[in-house]
Amino acid sequence: MITIWKYKVQSVWTYLEVPVGGKILTRELQNRVPHLWILVDSQAKKEVRVFQTVGTGNPLTPPIGTYIGTWQEDPFVWHLFETVPHA
């Protein structure tokens with residue numbers, strides 16, 4: 001079944017079990033908490049996907065992945081990247 005799942009984004013590193021082929025729709029704050037909404041096939045096998053949150057001016061831990069989005073939580077600005085799982 002195709003549906004949309006919501007996932008809470010943790011600080012710095014977020015590891016999520018997401019059905020294979022899940023497509024990220026958006027990253028937004030809900031009740032002041034960052035979340036991802038992902039379009040998924042709920043019947044698909046799951047895989048671990050890894051996300052890194054970094055504040056403006058702070059170093060990113062390689063490998064730097066795909067940019068997902070930016071949000072502001074005064075006085076901070078955060079940026080979310082999807083990266084590859086650590087070996």
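The values are calculated or read from the model by the stated rules, or taken from the named source; none is laboratory data. As the structure is a computational prediction, the values presented were derived from the model and not from experiment. Glycine gets a Cβ as well: all are built from the backbone with ideal geometry, and neighbour counts include every protein chain shown. Heads up: the accessible areas ignore ligands, DNA and RNA and are worked out on the full protein's heavy atoms, side chains in. Shrake-Rupley method; radii C 1.70, N 1.55, O 1.52, S 1.80 Å.
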Exercise for the section: Considering only the range 25-50, state which residues are hydroxyl-bearing (S, T, Y) and closer than 16 Å to K8 by Cα. Expected result: T26
Completion exercise
Every listed condition ((1) among the β-branched types (V, I, T); (2) surrounded by 11 or more Cβ atoms within 10 Å (Cβ to Cβ); (3) under 13 Å from the mean Cα position of the chain (by Cα)) holds for V48 save (2)
Problem - Selection from the range 12-38 of residues that are open to solvent by 50 Å² or more (accessible area, probe 1.4 Å) and not in a strand (DSSP E or B) - result: V12, V20, G21, N31, R32
Practice task
Please work out which residue is nearest to K8 (Cα to Cα), limiting yourself to the range 51-77 and to residues that are open to solvent by less than 90 Å² (accessible area, probe 1.4 Å) and hydrophobic (A, V, I, L, M, F, W, C).
Solution key: F51
Handout entry: Sole residue being in contact with a Gly (Cβ under 6 Å, 6 or more places away or on another chain) and among the hydroxyl-bearing types (S, T, Y), chosen from T14, T83, T61, T70
Key = T83
Handout entry: Condition check for Y7: in contact (Cβ under 8 Å) with a residue 12 or more places away in the chain, among the aromatic types (F, W, Y) and surrounded by 15 or more Cβ atoms within 10 Å (Cβ to Cβ)
Key = yes
Completion exercise
Of the residues in the range 78-87 that are in contact with a Pro (Cβ under 9 Å, 6 or more places away or on another chain) and not polar (S, T, N, Q), the one that is surrounded by the most Cβ atoms within 10 Å (Cβ to Cβ) is L80
